[in-house]
Amino acid sequence: HHQPSAAAAAAVAPSSSSATASSVRVRQELQKKQDETLTQALTLYRAKGLKKAVQYLVASSFMSDTPRDVASFLRVYRDLLDPEAIGDYLGEGGNVHDAAYWNLLRLSYIRAVSFHNMTLEQALRHFLTRCGFRLPGEAQKIDRLISVFAECYFQDNQGMPCCPFSQPDTPYILSYAI
């Protein structure tokens, strides 16, 4: 979101009050354009899926194609999206060329949630009910999500009484079994 500096606005307009008005108009136009882009993306999402909508938003410069930006978008707009679509999207990434990207996307999304001082069961329940997505049906996608959850859980609780595990694999195996 590129906004003109106050100096640039002042150079265009002779008085500071009209510079402020000009700056407000520019911001309003940018906001209107972003709202239209988002509306178009949501229409695309309903017709062709979340992946196409995200690609459109990136192509329209609504957000950049980084795992962090995409994860932030999914969190911020999760009320406008179907939890199953978010879960399915987060479970993507089996391709060798983009596996690292999808792993970082999952990590960015899940890392925004704190599992601090929760037992594994409490954390897993929180993860599955309060994080804005539903687990996909495909075992490989579930595995990817549970793997990142277990990593985040272990980072948050390693060495604490609620986490009696000495290795990050243990919460992963238990979570998958539950």
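The values are calculated or read from the model by the stated rules, or taken from the named source; none is laboratory data. From a predicted model like this one, the values you see are computed outputs, not experimental measurements. Ideal geometry is used to build each Cβ from the backbone, glycine not excepted, and the neighbour counts take in all protein chains shown. Just so you know, the surface numbers come from the protein's heavy atoms only, side chains and all, with ligands and any DNA or RNA stripped out. Shrake-Rupley method; radii C 1.70, N 1.55, O 1.52, S 1.80 Å.
Of all residues in the stretch 65-106, count the ones that are part of a helix (DSSP H, G or I) and open to solvent by less than 50 Å² (accessible area, probe 1.4 Å). Selection size over the stretch 65-106: 16.
Quick test for you: out of 89, 101, pick the one residue that is within 17 Å of residue 51 (Cα to Cα), of a type in the set (Ser, Thr, Tyr) and within 12 Å of the chain's Cα centre (by Cα). After applying the criteria, what remains is 89. Regarding the stretch 146-164, can at least one residue be identified that is out of contact with any helix residue (DSSP H, G or I) (no Cβ under 8 Å at 6 or more places or on another chain), under 19 Å from residue 67 (Cβ atoms), assigned to a helix (DSSP H, G or I) and at pLDDT 95 or above? Taking every residue of the stretch 146-164 in turn, at least one turns out to be out of contact with any helix residue (DSSP H, G or I) (no Cβ under 8 Å at 6 or more places or on another chain), under 19 Å from residue 67 (Cβ atoms), assigned to a helix (DSSP H, G or I) and at pLDDT 95 or above.
Please determine, by comparing only the residues of the stretch 52-64 that are more than 13 Å from the chain's Cα centre (by Cα) and in a helix (DSSP H, G or I), which one is surrounded by the fewest Cβ atoms within 10 Å (Cβ to Cβ).
59
Of all the residues that make up the stretch 107-128, how many are assigned to a helix (DSSP H, G or I) and either modelled with pLDDT under 95 or open to solvent by less than 40 Å² (accessible area, probe 1.4 Å) (or both)? Steps first, answer last, please.
Going through the stretch 107-128, the residues assigned to a helix (DSSP H, G or I) turn out to be 107-111, 120-128.
When the remaining residues are screened for being either modelled with pLDDT under 95 or open to solvent by less than 40 Å² (accessible area, probe 1.4 Å) (or both), the result is 108-110, 120, 123-124, 127.
Final tally of qualifying residues: 7.
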